[in-house]
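The values are calculated or read from the model by the stated rules, or taken from the named source; none is laboratory data. Only a predicted model underlies this, so the values are computations on that prediction, with no experimental measurement involved. All Cβ positions, even for glycine, are placed from backbone atoms using ideal geometry, and neighbour counts span all protein chains on display. With ligands, DNA and RNA removed, areas are computed over all heavy atoms of the protein, side chains included. Shrake-Rupley method; radii C 1.70, N 1.55, O 1.52, S 1.80 Å.
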Amino acid sequence: MNIHNPPGPTGKGNGAGPRGRKPRRTPKGRQIDLKAVDDVQALLGDRSRQRDLLIEHLHLIQDRYGHISAAHLTALAAEMKLAQAEVYEVATFYAHFDVVKEGETPPPAVTVRVCDSLSCAMAGADRLLKYLPKELGPNVRVVRAPCMGACDHAPVCAVGHVQVMNANEATVAKAAAVPAHAHAIHPGTDFEHYLAAGGYRVLAEAFTGKRTRDDLIKTVSDAGLRGLGGAGFPTGRKWSLVRAEPGPRLMAVNADEGEPGTFKDRYYLGLDPHRFLEGMLIAAWVVEAAEIYIYIRDEYPELRLMLLDEIAKVERAGLTKHSRIHLRRGAGAYICGEESALIESIEGKRGLPRHRPPYVAQVGLFGRPTLEQNVETMYWIRDIVEKGPEWFTSQGRRERKGFCSFSVSGRVKKPGVVLAPAGVTVRELIDEYCGGMVDGEVFKGYLPGGASGGILPASMADLPLDFGTLEKYGCFVGSHAVVILSEQDDMKAVALNLLKFFEDESCGQCTPCRVGTEKAVKLMETGPWDAALLTELSDLMRDASICGLGQAAPNPLLSVLKYFPDELTKPMGRW
């Protein structure tokens, strides 16, 4: 006798399952909506359903419907043969996906994102956040957003995917009334113009054997080129390390600059995209990377569309026979600027940093050795090879060699990308390159390396802005994002703005960062700062966080405690 399903009057059992339960009429979990399946299949068309394209496919749904419904999530999971929970956790991790649960009201058709990171906050973002909802009405959603990479045109808003620079209520209202689409930009920078000016000659010489891999590594090493995404690791050495690993090898390019105050990669991609692409293809040839993945910010849609067009031209010209190029789209997560989190995102997962070792150069994309590089680093490869390392090293001040690109914003007359000799000081940046301080403003302090690089007072404005020079002061240059502050800026408010950014952008994987940033913000917002408690909390975050976000997040508040002690007893100011 079956004790779990005893026989009924007919002797054949009563149809009940274990312990008398009747079998389910439908599978467990959310049921598939056939209309949603048709929608998803129509969007995907003949695109591959491979696992690493999950974020790309989520973008298709978000772009088409303005949000991602529970039904579409379920249908996408079925179409890609993934667990629903896995698709849901990825979709809800990224800020640019609006996931609407069953029974919830979808967001309005138009969303306006207002950047409230430091440079935009200084330029009046709070005013826009206060008045835009009244100006635009209930059919437009207005939300806060982190840095959009246009700090030299602060304040900045995004209407859909199109940014409004130097925004005010009138210009944003006009853009919201007639939503536009992002478009390719910068005529004269296309493949044909670049080729006519001698472009891709160095790559061709590599293909023919005129330039060897060892020669190229030596040239880059002799020039002293370092990674310009923030870490400053020697480029030639990285190429050698990756090349020494067993094949097949891959390459990933970080075009996801999200550090508040940073916009130089955007500038160079728009200025001369093929100079970047040639440098990238040379690097891939040197390490024999079979495939290249470019990960670009979702905040740069015009550059993404332009790159799609130009990469297709490069492929048709037969210049990518050694390495296939993939362009992947971010989805609004600062943490994906961290090298291992970027790898996870390219693989279609949440951008959670990995524990190391092993390092990305050993076990990176899809478990293969991976060369990861920054946009600007690749931008200078062609010039260094053509002109020789001496051309690069002939630049510099104070015994430094080379030059650096600085994203300068804040209280200066001419914010923007500045190409200056290595070893330049912030005082020289202000006076020689940025037209001086805004009229009536008195220089008070500066961020030498974006949100995570700390804050230094004007009395320390003559320090060389270079790798390894600021660490002993508790700061660093990082991605060379310089924000200039004046006497009208409350340093406690500056630090609080930066800590709120880190609180929002923490991936949540490790407790010291997830809870530490939240506690730091609360302690900074309420009453007088408890220096001892904030310092203890900062030490814990630095020592125990998995990645650089949590380790560097306390830098702004520690800088205020150290360099601006007179402000600690004053009430919190605002811009």
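In table form, for the structure just shown:
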{"quantity": "Exclusive hit being of a type in the set (A, V, I, L, M) and open to solvent by 20 Å² or more (accessible area, probe 1.4 Å), set Leu269, Leu225, Leu241", "calculated": "Leu241"}
{"quantity": "Exclusive hit being closer than 25 Å to Gly337 by Cα, touching a residue at least 24 places away in the same chain (Cβ under 8 Å) and surrounded by fewer than 18 Cβ atoms within 10 Å (Cβ to Cβ), set Gly516, Gly474", "calculated": "Gly474"}
{"quantity": "Tabulated pairs, segment 358-376, first under 30 Å from Val418 (Cβ atoms) and without any contact (Cβ under 8 Å) to a residue 12 or more places away in the chain, second aromatic (Phe, Trp, Tyr) and buried (at least 21 other Cβ atoms within 10 Å of the Cβ), C-beta under 9 angstrom, 6+ apart or interchain", "calculated": "none"}
{"quantity": "Matching residues, segment 35-48, being surrounded by 13 or more Cβ atoms within 10 Å (Cβ to Cβ) and either within 25 Å of the chain's Cα centre (by Cα) or among the hydrophobic types (A, V, I, L, M, F, W, C) (or both)", "calculated": "Ala36, Val37, Val40, Leu43, Leu44"}
{"quantity": "Top-ranked residue in segment 533-575 [being closer than 30 Å to Arg127 by Cα, open to solvent by less than 30 Å² (accessible area, probe 1.4 Å) and in a loop (DSSP other than H, G, I, E, B); ranked as modelled with the lowest pLDDT]", "calculated": "Gly573"}
{"quantity": "Some residue of segment 479-487 being charged (D, E, K, R), within 26 Å of Pro571 (Cα to Cα), surrounded by fewer than 17 Cβ atoms within 10 Å (Cβ to Cβ) and more than 24 Å from the chain's Cα centre (by Cα)", "calculated": "yes"}
{"quantity": "The lone exception for Thr393 - which of (1) crowded, with 19+ Cβ neighbours inside 10 Å; (2) in contact with a Lys or Arg (Cβ under 9 Å, 6 or more places away or on another chain); (3) closer than 22 Å to Tyr268 by Cα; (4) hydroxyl-bearing (Ser, Thr, Tyr) it fails", "calculated": "(1)"}
{"quantity": "Segment 126-137 residues that are farther than 16 Å from Ala158 by Cα and among the small types (Gly, Ala, Ser), paired with ones that are open to solvent by 100 Å² or more (accessible area, probe 1.4 Å) and not in a helix (DSSP H, G or I) (beta carbon under 6 Å, 6 or more apart)", "calculated": "none"}
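Residue-by-condition table, conditions (1) in contact with an Asp or Glu (Cβ under 6 Å, 6 or more places away or on another chain); (2) surrounded by 10 or more Cβ atoms within 10 Å (Cβ to Cβ); (3) modelled with pLDDT under 95:
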{"residue": "Lys12", "(1), (2), (3)": "no, no, yes"}
{"residue": "Gly17", "(1), (2), (3)": "no, yes, yes"}
{"residue": "Pro23", "(1), (2), (3)": "no, no, yes"}
{"residue": "His67", "(1), (2), (3)": "yes, yes, no"}
{"residue": "Leu76", "(1), (2), (3)": "no, yes, no"}
